[in-house]
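Single-structure report; data block below.
Any read-out appearing in this document is the output of simple, stated calculations on the displayed coordinates, not a laboratory observation. Note that the structure is predicted; figures quoted are calculated from it, not measured. All Cβ positions, glycine included, derive from the backbone under ideal geometry; neighbour counts span all protein chains shown.
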Amino acid sequence: MELRQIGTSDVMATPIVFGAWAIGGWLWGGTDDDKAMEGINAAIDAGINAIDTAPVYGFGHSERVTGEAITGRRDEVFVFTKCGLRWESDDGQHHHDTQDQTGQDVSIYRNLSRDSILWECERSLERLGIDQIDLYQCHWPDETTPIKEAMGALVELLDQGLIRAIGVSNFTPEMIDECLAYGPVHCSQPKFSLLSRDHLDGVIAWCHERDIASIVYSSLEQGMLTGKVTPDREFGEGDQRLDKGGWFTVENIRRANAVLDEVVQPIADAHAATLAQVSLAWTIAAPGITCALAGARNAEQATENARAMHIDLSDEQYGQIREAFWRLEGP
């Protein structure tokens, strides 16, 4: 299986990366730690060699579960995590107010100051139980901290060997260009799926021209592209999709599912694959995309996601899917 280089770093990742947001329990209606760890190990067994997590995913919980799951398997998997979203401090730029997985009110702040980044890195290494982070990413830009200061801290960690590669998430091309004045940027992590395509000709293309990898998140649009979200779907307490906004209104679910049924399902049948697998296979074949994050809560979902790496869509099939979704207007 082809491995894909994360920018100019020495990290070579599989096209599908295990996305560990949901296993943190926050905004996804809770989690089962045993099943989550089984899912991580099933992903590794199925050939996935990278996990993407963040401190804010369950306020440390996702990192702890990830660390426990990879005990004894560290040499088989790259660990990607992030910095810059703090909930224990009100320094920096207010990001948003939320509730944690226990229902407690929490205020989250963007903070990319040098001291905060160094402090967060130490905490993440402890929770993950590792001595080096393979890809360390700024989770969101912070208007209260100069990019020069943030990049200085990341380069410091790189020079110390505590991280192997530097990444940013949700940064514009202009922000990344400024980052490059102070050090290397190996990866950008924007949102992208067949239902959220704005960045394909924007930051993804911009990064591709500069040998910066793009690892995209929400590649299954929070489950919409699995075909398992129906108009009468009930989401659990604490699930962010409960508000029925965006693609999760009844009408938008019907519109998206119509395209899945009419266009993607025949292609999935031809490959003996699921809708999710074909959606992921399309994503990792799209121009400029290095890897796609695919979340899983258990071994079955992780194994299903991994098989997408082995689906080879023909040019015709790729074009049919692209044309169908490009005609579908967003919410």
Check your understanding: Can T98 be described as over 19 Å from the mean Cα position of the chain (by Cα) and either closer than 26 Å to S188 by Cβ or exposed (fewer than 15 other Cβ atoms within 10 Å of the Cβ) (or both)?
Key -> yes
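Here is a list: D10, D75. Which entry is surrounded by fewer than 16 Cβ atoms within 10 Å (Cβ to Cβ) and farther than 20 Å from A302 by Cα? Walk me through it before giving the result.
On the way: D75 fails: farther than 20 Å from A302 by Cα.
None of the others qualify; the one that does is D10.
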**Study point:** Matching option when the condition is acidic (D, E) and under 16 Å from T8 (Cα atoms), among E126, E209, E143
**Key:** E209
Point to revise | Among (1) part of a helix (DSSP H, G or I); (2) buried (at least 16 other Cβ atoms within 10 Å of the Cβ) - the single one L293 does not satisfy | key: (1)
Exercise for review: Could you list, in sequence order, all residues of segment 305-323 that are hydrophobic (A, V, I, L, M, F, W, C) and either without any contact (Cβ under 8 Å) to a residue 24 or more places away in the chain or closer than 10 Å to A46 by Cβ (or both)?
Suggested key: A306, M309
Point to revise | Hey, A281 among the aliphatic types (A, V, I, L, M), part of a helix (DSSP H, G or I) and within 22 Å of the chain's Cα centre (by Cα) or not | key: yes
Practice item. Give the residue, chosen from E120, E149, E178, E174, that is out of contact with any Gly (no Cβ under 7 Å at 6 or more places or on another chain), assigned to a helix (DSSP H, G or I) and under 16 Å from F80 (Cβ atoms). Key: E120
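How many of the residues making up segment 71-84 are in contact with a strand residue (DSSP E or B) (Cβ under 7 Å, 6 or more places away or on another chain) and not basic (K, R)? Spell out the reasoning first.
Initially, segment 71-84 is screened for residues in contact with a strand residue (DSSP E or B) (Cβ under 7 Å, 6 or more places away or on another chain), giving 77-84.
Okay, now just the ones that are also not basic (K, R), so 77-81, 83-84.
The total comes to 7.
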Practice item. Quickly run through segment 127-153 and pick out the residues that are in contact with an Asp or Glu (Cβ under 9 Å, 6 or more places away or on another chain) and charged (D, E, K, R). Key: R127, K148
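Within segment 98-105, is there a residue that is among the polar types (S, T, N, Q), closer than 20 Å to Q222 by Cβ and in contact with a Phe, Trp or Tyr (Cβ under 6 Å, 6 or more places away or on another chain)?
From segment 98-105, those among the polar types (S, T, N, Q) are 98-99, 101-102, 104; that's our starting set.
Right, trim to closer than 20 Å to Q222 by Cβ and you get 98-99, 101.
Next, from what is left, pick out any that are in contact with a Phe, Trp or Tyr (Cβ under 6 Å, 6 or more places away or on another chain): 101.
Yes, that holds for at least one residue.
Out of the residues in segment 185-201 meeting the condition of being touching a His at 6+ places or on another chain (Cβ under 8 Å) and either without any contact (Cβ under 8 Å) to a residue 24 or more places away in the chain or of a type outside the set (K, R) (or both), tell me which one is surrounded by the most Cβ atoms within 10 Å (Cβ to Cβ). Spell out how you get there, then give the answer.
Filtering segment 185-201 for residues touching a His at 6+ places or on another chain (Cβ under 8 Å) gives 190-192.
When the remaining residues are screened for being either without any contact (Cβ under 8 Å) to a residue 24 or more places away in the chain or of a type outside the set (K, R) (or both), the result is 190, 192.
On the way: P190: 23, F192: 27.
The selected residue is F192.
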Practice item. Residue by residue through segment 181-210, note down the ones that are under 15 Å from V168 (Cβ atoms) and out of contact with any strand residue (DSSP E or B) (no Cβ under 9 Å at 6 or more places or on another chain). Key: A181, Y182, G202, R210
Review point. Given the conditions (1) among the aliphatic types (A, V, I, L, M); (2) in contact with a strand residue (DSSP E or B) (Cβ under 6 Å, 6 or more places away or on another chain); (3) closer than 26 Å to R73 by Cα, and given that V168 satisfies all but one, which numbered condition is not satisfied?
Key: (3)
Practice item. Test each condition in (1) surrounded by fewer than 24 Cβ atoms within 10 Å (Cβ to Cβ); (2) out of contact with any helix residue (DSSP H, G or I) (no Cβ under 9 Å at 6 or more places or on another chain) for R123 and report the one that comes out false. Key: (2)
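Yes or no: I44 surrounded by fewer than 22 Cβ atoms within 10 Å (Cβ to Cβ) and in contact with a helix residue (DSSP H, G or I) (Cβ under 6 Å, 6 or more places away or on another chain)?
Working: surrounded by fewer than 22 Cβ atoms within 10 Å (Cβ to Cβ): yes; in contact with a helix residue (DSSP H, G or I) (Cβ under 6 Å, 6 or more places away or on another chain): yes.
The answer is yes for I44.
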Check your understanding: Checking E68 against (1) of a type in the set (D, E); (2) under 22 Å from A13 (Cα atoms); (3) surrounded by 20 or more Cβ atoms within 10 Å (Cβ to Cβ), which test does it fail?
Key -> (3)
Revision key, fill the gap. Sole miss for K82 among (1) in a helix (DSSP H, G or I); (2) under 30 Å from R307 (Cα atoms); (3) charged (D, E, K, R) is condition (1)
